[in-house]
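Written below as structure tokens is the structure these notes are about.
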Amino acid sequence: MKVVIKNGRVIDPSQGIDGVCDLAIEDGKIKEVKSEKSRGKSQKHENNRGTKEIDASGKLVLPGLVDLHVHLREPGYEYKETIRTGTTAAVRGGITSVCCMPNTNPVNDNSSVTEFILKKAASEGACRVFPIGAITKGQKGEELAEMSIMYEAGCVAFSDDGRPVMDSLMMRRAMEYSRILKVPLISHCEDLALSAGGVMHEGLLSVTLGLKGIPPQAEEVMVARDIALAELTGGRLHIAHVSTEGSVALIRSAKKRGMADVTAETCPHYFSITEEAVGNYDANAKVNPPLRSRKDAEAIKQGLHDGTIDVIATDHAPHHRDEKLGEFDFAPSGISGLETSLGLSMRLVDEGVLTYSGLVEKMALKPSGIIGIDRGTLRPGAEADVVVVDCSREYRVDAGEFLSKGKNTPFGGWTLSAKPVLTISLGRIHEWE
Amino acid sequence: MGLKSKDLIGIKALDAADIEQILDTAAGFKDVLGRDIKKVPALRGKTTVNLFYEPSTRTRTSFELAAKRLSTDVINFSVSTSSVVKGESLRDTALTIQALGADFIIVRHSCSGVAHFLANNLDASVVNAGDGTNEHPTQALLDLFTIREKKGIIRGLEVAIVGDILHSRVAKSNIYALKKMGAGVRLIGPPTLVPDVLRDLDVEIYSDMEKGLKGADIVMMLRIQVERQGKGFFPTTVEYFRNWGLTPERLAGAKKSALVMHPGPMNRGVEISSDVADGMRSVILDQVTNGLAVRMAVLYLLAGVRE
């Protein structure tokens, strides 16, 4: 099948492209990106029969986004999300590759779970799924999981996400051992002793709401530890969901020193909203790490701007409606993020924090590089993962319309302007008006 | 003018006029309670449900009696939080109670925000009888009533609150209420239990009790949960008493006319010595008596909002 997406503003930092071009796709691969000038000459001679033409005038054409941090919940928590619904939601959000975290039931800590996920994704998934294996068996932080066997089965990174590896020696061994695979360890940085019982950012608001706070330092001491261990071991470290000013400073100085192989991600909610979103105990704003202060959110933006933070991931964490309804203390943490990620992140372009190219780097190119996949690019020969984004019309976020089973978002009712209107994933064209 | 909300969730949402109105109304009911026949027909035919997820004797009894004095029917509904986590949801329990026809739901729960949640989900009037470490508004109102009764005026008084401020919903509600009514507030206790950020509420913070008590008009003691010992908040109750226990010697540093208050139940010898608790300046039992009048006033005024 041939597809041509015409007249869109194509943004592809992997080739240094930002301009109105036609994007040609053939047999599920990118064929070429033709700029306006070259297009004019050759157009007449082209045989357009059997070619689907898509007019993207006034719209952005980007490589399909790559999300390093997603909870697909299957196996084990299908009432929250499935591989089918999660990948469908991803595609709706312009995301064509998702890395799924291993905290399923059973935990993805052995190759049979990895194989199950990939098999399910191949038969039911709307986009590519790249599993992340557990660092330790059962994510218990006690014994290493079979990393190389899981790697052979298809895992692209390892993480005990949701549960930090508290034992520093275990983390050291994991980083050393992971060097045989040259894959990153994705660290959920949280000192469980410092955060114990906490449900939101620690500060005046937590005290006056009577909710137990989590100080920024609960994250920062572990960021510092993991950077130190990365320097010690030479292992590759990717720091998940950075939420604090102090973490940004630690990562910035580590990168400057150049002794550690470290990358970092943040999520749209850490630069879009603050602890204030908890309001009067809105459990949809309960997330781990918690929404922080205005100062932290500003520091996250600065970190994105200056390159300290490499990646924007969603930490998509869908939950059932009932679980978020009731006592704030008992509600599980997490935000359903796949379908708002691009819209929220595009605000950074409006604010001058990132350029379009910079945004695509953070959401497609760099995450691909971190896990070593050839995605996030519109280079000829690459998989035809493409998203067309309409930035001209404002729309209201309505969680009821989410394709994800998880309707848990603090962004309901927000007005955003960037919306994917067409996504090409796995050779299929998904179009919305 | 009257209260604006059908619920009493916290002092945070009230203004000085609301507080004043509740105290004035309570004064009327206190007169009633001094009569031979202590019951009024004001809310006859209404139903009050005490929904208590935490054990409580004094607050529950006080609400029960207050509701009965207003001639409402009262049902006590005690639930253990642990069974609720696994079983019926908070919302379902509340909806069930509402379906029984409750007009007032008095709720106590170990989680902050529960009163808020119920108020948003129910048509009945919800009265917060203590939610987690958030607020306990009727306790603050009865404390203010007692202060006003004894001192005549609240504005300009210096009130020292001593103990575990961080975990105390009584302290939180009192801080908001006292500030709204124009009193000065000092918080005294170990830094582990008195968060510095509270300075942003325009209160003074002391870890040295002698300094903090100097010139105070009111000394409000908080119950120390003995379980906090050994959790790193303070080493032992012995050391706690040494540093922050209210003794006659320490009380002598406050104003001569200073009153001693305590929301109860007291730990004698941990936060307060028996000499002070039973002494001339203690108004601890007046607080209990006034609680009844204040809770009658709250139910009465909320019924007015609903009509």
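Here, each number is a calculation from the coordinates, and none is a lab measurement. Keep in mind that what you see is a predicted model, and the values were worked out from it rather than measured. Note that each Cβ is placed from the backbone with ideal geometry, even for glycine, and that neighbours are counted across all protein chains shown.
Using alpha carbons only, the radius of gyration of the range A:121-211 set against its Kirkwood radius gives Rg/Rh = 1.12. Of all DSSP-defined beta bridges confined to the range A:64-371, some 5% are antiparallel rather than parallel. Of A:GLY376, A:GLY258, A:GLY203, the residue with the greatest mean-square motion in the GNM of chain A, using alpha carbon springs below 10 Å, is A:GLY258. Here the residues A:MET101, B:MET220, B:MET266, ranked from fewest to most Cβ neighbours within 10 Å of their Cβ, fall in the order B:MET266, B:MET220, A:MET101.
Taking trypsin sites (Lys or Arg not before Pro) across the range B:1-68, the ones in a DSSP loop with at most 11 further Cβ atoms lying within 10 angstrom of their Cβ are B:LYS4, B:ARG35, B:ARG44.
Please report how far the C-alpha centroid of the range A:46-124 lies from that of the range B:207-283, rounded to the nearest whole angstrom. Using only Cα atoms, the two centres lie 61 Å from each other. Counting every alpha-carbon pair across the range B:79-148, the share separated by more than 14 Å comes to 62%.
State the Cα centre-to-centre distance between the range A:316-343 and the range B:35-75 in whole Å. Their Cα centres are 39 Å away from one another.
When you work out D = kT/(6 pi eta Rh) for the protein assembly as shown at 20 °C and 1.002 mPa s, using the Kirkwood radius from C-alpha pairs as Rh and the Stokes-Einstein form, the result is 75 µm²/s. For chain B, modelled as a GNM whose springs connect Cα atoms under 10 angstrom apart, the maximal fluctuation among B:ASP200, B:ASP123, B:ASP143 occurs at B:ASP200.
Converting phi to 3J(HN,Hα) with the Karplus coefficients 6.51, -1.76 and 1.60 and the offset θ = phi - 60°, the range B:143-154 yields 5, 5, 4, 5, 4, 5, 4, 7, 9, x, 8, 9 Hz in sequence order, with x at every glycine or proline.
Near B:SER173: Cβ cut-off under 13 Å, other residues only, Lys/Arg at +1 and Asp/Glu at -1. The net charge is +2.
Taken about its Cα centre, the range B:137-287 carries a charge dipole of about 300 debye when Lys and Arg each add +1 at the Cβ and Asp and Glu each add -1 at the Cβ. Computed from the alpha carbon positions, the gyration tensor of the range B:137-287 leads to an equivalent ellipsoid with semi-axes of 21, 18, 14 Å, biggest first. Across chain B, the mean sequence separation of Cα contacts (distance under 8 Å, 6 or more residues apart), normalised by length, yields a relative contact order of 21 percent. So if I average 1/r over every pair of distinct C-alpha atoms in the range A:357-420 and take the inverse, what Kirkwood radius in Å does that give? Evaluated over the range A:357-420, this radius sits at 14.1 Å.
How high is the relative contact order of the range B:1-152? Use alpha-carbon pairs under 8 Å, at least six apart in sequence, and give a whole percent. Once divided by the residue count of the range B:1-152, the mean separation gives 27 percent.
Residues B:ILE153, B:ILE75, B:ILE218, B:ILE105 in ascending order of nearby Cβ atoms (within 10 Å, fewest first): B:ILE153, B:ILE75, B:ILE105, B:ILE218. Binning all Cα-Cα separations of the range A:64-371 at 10 Å, short to long from zero, yields these whole-percent fractions: 7, 29, 38, 23, 3, 0. Scanning residues 5 or more positions from A:ILE335 or on other chains, those with amide H under 5 Å from its amide H are A:ALA317, with H placed 1.01 Å from N in the peptide plane. Under a Gaussian network description of chain B, with springs only between Cα atoms under 10 Å, the residue in B:ALA115, B:ALA129, B:ALA277 that fluctuates furthest is B:ALA277. Near the amide H of B:LEU8, within less than 5 Å, lie the amide hydrogens of B:VAL126, B:VAL127, B:ASN128, all on another chain or at least 5 residues away, with H placed in the peptide plane.
When both bridge partners sit in the range B:1-146, DSSP labels roughly 5% of those beta bridges antiparallel. Starting from the 7 Å offset along Cα-to-Cβ, what nm value, one decimal, do you get for the label separation of B:SER56 and B:GLU210? So the two model labels end up 3.9 nm from each other. With θ taken as phi - 60° and the Karplus curve 6.51 cos²θ - 1.76 cosθ + 1.60 applied, the whole-hertz 3J(HN,Hα) list for the range A:285-291 is 9, 8, 8, 10, x, x, 4 Hz, x standing for glycine and proline. For the range B:260-307, pairs of C-alpha atoms spaced more than 18 angstrom apart make up 45 percent of the total. Rounded to the nearest 500, the helix-only mean residue ellipticity at 222 nm of the protein assembly as shown stands at -10000 deg cm²/dmol, with each DSSP H run of n ≥ 4 adding -39,500 (n - 2.57). Within chain B, the ratio Rg/Rh, alpha carbon atoms throughout and Rh by Kirkwood, equals 0.97.
Only the Cβ atoms of Lys and Arg (+1) and of Asp and Glu (-1) were treated as charged; on that basis the dipole of the protein assembly as shown about its Cα centre amounts to roughly 800 debye.
Overall, chain B carries a charge dipole of about 400 debye about its Cα centre when +1 sits on the Cβ of Lys and Arg and -1 on the Cβ of Asp and Glu, all other atoms neutral.
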